[in-house]
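Notes for the one structure printed next.
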Amino acid sequence: MSDDSATVDSVTIAGGVDVIDTVIIHATVLTHTTRPAPGYPALPREDTEARGTATFLADHAIGIRDGAIAWVVPSDHVEPAVLAQAAVIDAHGQVAIPGLMNSHTHSPMTMFRGSAEDVPTDEWFNKHIWPMEVNLTDRDVSLGAQLAVGEMLLAGVTNFADHYFSTDTIAEVVAASGARGLLASTFFSSQGQAGIERSAAFAERWNGAAGGRITTAMGPHATYTVNDADLATTAEHARRLGVRTHIHAAESLGQTESSLAKRGITPVQVLHDTGILETGAIIAHGAGIVESDLEWLVPYADRVAVASCPKVYMKHAHTTTPVRMLHDAGITVGVGTDGPASHNTLDVLESMRMLSLKQKDALLDATWLTSAHALDLATRQSAATFGLQDSLGSLLPGFRADIVLIDLQKPHLQPMHDLAAALVLSVRASDVTTVLVDGRVLVENGRLTTIDTDAAAEELARRIPELTDRSRGSIQEYAP
C-alpha cells in the first residue's frame, strides 16, 4: 500500500488507511481460497472448489467492514494505520473457521432434553414427546429457544435450520440474540388448512427480518403426517414466496419400506411428485434414501440437500444417511443435530465428528469421509443446504463475517500434527473462545454477550412438572 493513498474495493481512502471495523489478526484461517485484499500482494491460488477440501492459512488476518469480510491476508501485510483505527482481536494460537451451521434441529426442545431415553422410535414419539408437546405455551418455546441459541453460539453455531411450533417466538429470540436462523413453522395435515396457512404466513412475515439474519422455509412435518394435496399446496406457497421447504422424509429404511408397501413409491418420490423438490428442500435425515431415489434428486441438486444427524440414528438404532452415494451424485449434505430431546446437545462439532466416524464404520472404509471433507460438510455444504452458499460458509472477501475462533493450545489438541483431524476428532465445544455474526461479537472469551441463559434455565426448570405431564392426549400419532 502507498503511504499517500490506496484503492480498496474501488474506493480511494485519503491517507491510505483502509476503513475497517474489526481486524482478527495472527489467526490460522480455514478458507477455501487464498484471494488477497485489493492493494496487497497476490498469494498463490489453489484450486479448492472440489467438495471435501480444506485450506489453512497460517498467521493471517481477517478484515471486517460493515458486517462482511473485506480481506484475508497474511498478518504482516496489515498496515499499522489499519490496526490503529479498528477493533483488534488477537487470535494467536487460535484457528478461525466459518460459523458452523446446524442444518436440522428443533431448538426449543431443550425443554425435553433427556426426557425420553433408551426407547424405540415409535414409543419416543407416541408415549413421550408428542404427549408432552400438548402442554407447550409460547413462553415455554421462548425459554427453550433462549437456552438453545445460547448453547449453539457457545459451540460456534451461528445459524440453524429450525422446524418447530410457536415460530414467531423463536424468531424474536433469534432477532434479539444476534444469531441467524432459517425458521420453518411446523404443521400436520390433521390441523387442516389452518396449519399450512400459518406456516406460509410466518414464512412471508419473517423472511429477511433482523437485517437479513432470519430466513424462512415452509414447514410440513413429514411425508407420513402431511398428505400429498397439502404437500402440493406447500410447494405452491414455497414457489410464490421464493423459499425452500424443510421436511422430514425417508428418515429410516423402515419408513421407505413402509411407503413402498403402502403406496408403491418412496418418500423421496412423494416429494418429487408433489413439487417439493422442484421448489427446493432440506430433507431432514434421509437415512432411508435408496439408489432409485437419485432419479428424483439429481435434477434438483442445485436446490435440494439432505441434513444428516448421525447421533440420533445411532441412538434409535437406524441406518445412517448414505453420504457417499449422495456425494457421488452431487447432492449436498449438511450437518445437523436434530432436536436436543433426541440428540441431547446442539453441538455441530460433535455431530460432525460422529458423521465422519459413522460413515467410516458403515462402509468399513477408513479412507472415506476424511476430516477435511467433514469440515467442508459443516461449513460450505451446510451453507448450501440453507441456500446461502454465496454469502456464508467460507471465510472469503464479500462473505458475511460469521467467524468462530477456537483455542488450539488445549492439552487435548496437542501436539498438532493434523489440524483438520484435530478440529473433527479432538476439539470440544468449550474450546470456542469467540463468535462473531455479521462482525458483531456474540461470544467473547467463552461468554455470551447477548443472552442470559441462567435466567431462562431457572424459569424453565419451574415449568418441568407441567411440561412433562403425559396425560393430556397427543398432538399426533407416529405411524409412518
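The values are calculated or read from the model by the stated rules, or taken from the named source; none is laboratory data. Here the structure is a predicted model, which means the values were calculated and not measured. Don't worry about glycine lacking a Cβ; one is built from the backbone with ideal geometry, like all the others, and counts go over all protein chains shown. Just the protein is used for accessible areas: all its heavy atoms, side chains included, with ligands, DNA and RNA removed. Shrake-Rupley method; radii C 1.70, N 1.55, O 1.52, S 1.80 Å.
Does residue 170 satisfy being in a helix (DSSP H, G or I), in contact with a Pro (Cβ under 7 Å, 6 or more places away or on another chain), at pLDDT 95 or above and surrounded by 22 or more Cβ atoms within 10 Å (Cβ to Cβ)? So residue 170 fits the description; yes. Candidates 48, 28, 33, 12: the one that is modelled with pLDDT under 55 and in a strand (DSSP E or B) is 12.
Would you confirm whether any residue within segment 175-183 is surrounded by fewer than 20 Cβ atoms within 10 Å (Cβ to Cβ) and in contact (Cβ under 8 Å) with a residue 12 or more places away in the chain?
So in segment 175-183, the residues surrounded by fewer than 20 Cβ atoms within 10 Å (Cβ to Cβ) come out as 175-176.
With the extra rule that they be in contact (Cβ under 8 Å) with a residue 12 or more places away in the chain, the set shrinks to 175-176.
The answer is yes, given that some residue of segment 175-183 is surrounded by fewer than 20 Cβ atoms within 10 Å (Cβ to Cβ) and in contact (Cβ under 8 Å) with a residue 12 or more places away in the chain.
Of the numbered criteria (1) in contact (Cβ under 8 Å) with a residue 40 or more places away in the chain; (2) under 17 Å from the mean Cα position of the chain (by Cα); (3) over 17 Å from residue 159 (Cα atoms), the one residue 346 fails is (3).
When 115, 103 are screened for being assigned to a strand (DSSP E or B), of a type in the set (Gly, Ala, Ser) and either open to solvent by less than 50 Å² (accessible area, probe 1.4 Å) or at pLDDT below 95 (or both), only 103 passes.
How many residues does segment 198-224 hold that are open to solvent by 10 Å² or more (accessible area, probe 1.4 Å) and either in a loop (DSSP other than H, G, I, E, B) or free of Cβ contacts under 8 Å to residues at least 40 places away in the same chain (or both)? Break it down into steps so the answer makes sense when it comes.
Taking segment 198-224 and keeping what is open to solvent by 10 Å² or more (accessible area, probe 1.4 Å), we get 198, 201, 204-213, 215, 221, 223-224.
Narrowing further to those that are either in a loop (DSSP other than H, G, I, E, B) or free of Cβ contacts under 8 Å to residues at least 40 places away in the same chain (or both): 198, 201, 204-213, 221, 223-224.
Adding up the residues that qualify gives 15.
Give just the number: which of (1) modelled with pLDDT under 95; (2) under 27 Å from the mean Cα position of the chain (by Cα); (3) of a type in the set (Ser, Thr, Tyr) does residue 474 not satisfy? Single failed check for residue 474: (2). If you go through segment 275-305 and keep only what is aliphatic (A, V, I, L, M) and in contact (Cβ under 8 Å) with a residue 60 or more places away in the chain, you end up with 282, 284, 305. Output yes when any residue across segment 136-152 is open to solvent by 10 Å² or more (accessible area, probe 1.4 Å), modelled with pLDDT under 95 and in a helix (DSSP H, G or I), and no when none is. No, because not a single residue in segment 136-152 is open to solvent by 10 Å² or more (accessible area, probe 1.4 Å), modelled with pLDDT under 95 and in a helix (DSSP H, G or I). Is there a residue being open to solvent by 30 Å² or more (accessible area, probe 1.4 Å), touching a Phe, Trp or Tyr at 6+ places or on another chain (Cβ under 9 Å) and among the basic types (Lys, Arg) anywhere in segment 320-337? Yes - at least one qualifying residue is present in segment 320-337. Check whether at least one residue in segment 435-449 is closer than 27 Å to residue 138 by Cβ, at pLDDT 95 or above and over 20 Å from the mean Cα position of the chain (by Cα), and report yes or no. Yes: segment 435-449 contains one or more residues that are closer than 27 Å to residue 138 by Cβ, at pLDDT 95 or above and over 20 Å from the mean Cα position of the chain (by Cα). With the structure loaded, tell me whether residue 352 is among the aliphatic types (A, V, I, L, M), outside any loop (DSSP other than H, G, I, E, B), open to solvent by 20 Å² or more (accessible area, probe 1.4 Å) and within 29 Å of residue 218 (Cα to Cα) or whether it fails that test. Answer is no for this residue.
Residue check: is residue 196 farther than 28 Å from residue 402 by Cα and among the β-branched types (Val, Ile, Thr)? Considered against the rule, which asks whether it is farther than 28 Å from residue 402 by Cα and among the β-branched types (Val, Ile, Thr), residue 196 comes out as yes. If you take the residues of segment 360-371 that are in contact (Cβ under 8 Å) with a residue 12 or more places away in the chain and farther than 18 Å from residue 426 by Cβ, which of them is surrounded by the most Cβ atoms within 10 Å (Cβ to Cβ)? If we take residues in segment 360-371 being in contact (Cβ under 8 Å) with a residue 12 or more places away in the chain and farther than 18 Å from residue 426 by Cβ, then 362 is surrounded by the most Cβ atoms within 10 Å (Cβ to Cβ). For segment 225-267, name all the residues that are in contact with a helix residue (DSSP H, G or I) (Cβ under 8 Å, 6 or more places away or on another chain), within 18 Å of residue 308 (Cα to Cα) and part of a helix (DSSP H, G or I). Hits for segment 225-267 are 255, 256, 267. Within segment 236-253, no residue that is more than 11 Å from residue 285 (Cα to Cα) sits with its Cβ atom under 8 Å from a residue that is among the basic types (Lys, Arg) and modelled with pLDDT under 95 at 6+ positions apart or across chains.
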